[in-house]
Amino acid sequence: MVYIFTALYCEAQIFIRQFNLTKNLENTWFQEFQNEEAHIRLTVTGVGEIAAAAAVSSICSMYRPSQTDLLLNVGICAHTDKKDGIFLCNEIIEQATGKTFYPDMLYRHNFCEGTIVTGMLPWNSKKDTSNDLHHAKTDTHVGNLHDMEAAAVYQAGIHFFAPHQMNFLKIVSDNGNAAAVSREQAALLMETCQDSILDYITRIAALTQKNASRKSEPSVDEEQLFETFCADLHCSRAMRDSMKQYIRYLALSGMDYTGMIRELYEKKLLPCKDKKEGKQRFEEFKKRLF
């Protein structure tokens with residue numbers, strides 16, 4: 001299933017038409033459209049971080065996405081330079097907190113990549129305050145995208161999806177004057193880019209299904225080895241989650257990661273005596289893998 005989240009209905013229209021989505025009248029909180037046969041579920045979240053986070057959390061809690069599902073946040077945005085077209089976001093910055101998030105870029109694509117800054121208000125080039133020391137990473141001189149939802153979608157989505165399952169496609173609509181962009185203009189921009197967007201959705205959905213079918217679940221012995229490995233490293237919850245993600249990639253790529261783990265035991269490098277040594281061994285293992 002591909003879970004699509006747009007802020008506005010005008011951004012959702014191309015998907016509703018293309019995939020023959022029907023409205024779920026039982027959902028009275030958000031506008032939800034779906035086509036089970038096409039494996040598409042679309043939600044119009046409303047504008048802003050709070051609305052976006054609430055919608056993602058609500059929908060994902062209701063349907064519980066699996067490791068073969070995808071999240072796509074798509075819609076219009078501003079750009080600090082005079083650029084247009086579609087961008088696939090490889091870095092997301094929350095302006096209010098300065099936090100940065102990195103969706104995993106695993107699949108080949110034809111889009112430009114860019115950094116998107118999520119703010120509580122539409123970015124206004126005439127009232128830009130992103131050069132404050134508190135927001136140094138959002139410096140407009142580097143040519144950032146600006147929206148009001150991406151960071152919230154990522155932070156809510158990470159509770160249900162892995163980083164490689166989340167995709168953020170943004171279409172530039174203005175250079176800091178969002179009030180001048182009508183809903184009709186936004187819908188037209190989406191239509192102009194629909195072939196590229198729909199092709200991307202189709203391809204990554206097929207690749208995700210293919211990779212999952214190759215080795216969707218570890219064997220009992222592999223699962224037991226993983227649990228023992230994490231215990232002997234004295235892994236924190238964050239370290240354990242990271243290690244599980246790394247091993248998923250290794251399994252899909254066909255690498256003999258179990259042999260590498262067993263080698264650490266043979267060399268008497270495991271188990272570790274404490275968390276400090278475990279963290280050091282964890283970093284050494286990552287460097288060897290990548």
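The values are calculated or read from the model by the stated rules, or taken from the named source; none is laboratory data. Computed from a predicted structure; not experimentally measured. All Cβ positions, glycine included, derive from the backbone under ideal geometry; neighbour counts span all protein chains shown.
Restricting the first member to region 10-30 and to residues that are within 26 Å of SER173 (Cβ to Cβ) and in contact (Cβ under 8 Å) with a residue 24 or more places away in the chain, and the second to residues that are crowded, with 19+ Cβ neighbours inside 10 Å and among the polar types (S, T, N, Q), the beta-carbon pairs closer than 6 Å and six or more apart or on different chains are ALA12/THR6; PHE30/THR43. You will find that of ALA55, ALA78, the residue that is within 17 Å of CYS193 (Cα to Cα) and aliphatic (A, V, I, L, M) is ALA78 and no other. Looking at region 87-123, which of its residues are assigned to a strand (DSSP E or B) and closer than 18 Å to LEU198 by Cα? Across region 87-123, the qualifying residues are PHE87, LEU88, CYS89, CYS112, GLU113. Against the conditions (1) out of contact with any helix residue (DSSP H, G or I) (no Cβ under 6 Å at 6 or more places or on another chain); (2) at pLDDT 90 or above; (3) over 24 Å from ILE59 (Cβ atoms), GLY114 satisfies every one except (2).
Of all residues in region 144-201, those satisfying the criterion of being modelled with pLDDT of 85 or more and among the β-branched types (Val, Ile, Thr) are VAL153, ILE158, ILE171, VAL172, THR192, ILE197, ILE201. Any residue at all in region 40-60 that is more than 18 Å from ALA156 (Cα to Cα), in contact (Cβ under 8 Å) with a residue 12 or more places away in the chain and assigned by TED's automatic domain parsing to the domain that holds LEU188? Among the residues of region 40-60, at least one is more than 18 Å from ALA156 (Cα to Cα), in contact (Cβ under 8 Å) with a residue 12 or more places away in the chain and assigned by TED's automatic domain parsing to the domain that holds LEU188, which makes the answer yes.
Per-residue answers, yes or no, for (1) within 21 Å of the chain's Cα centre (by Cα); (2) closer than 14 Å to ALA150 by Cα:
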position	(1), (2)
GLU26	no, no
THR45	yes, yes
ALA55	yes, yes
ILE59	yes, no
CYS89	yes, yes
GLU94	yes, yes
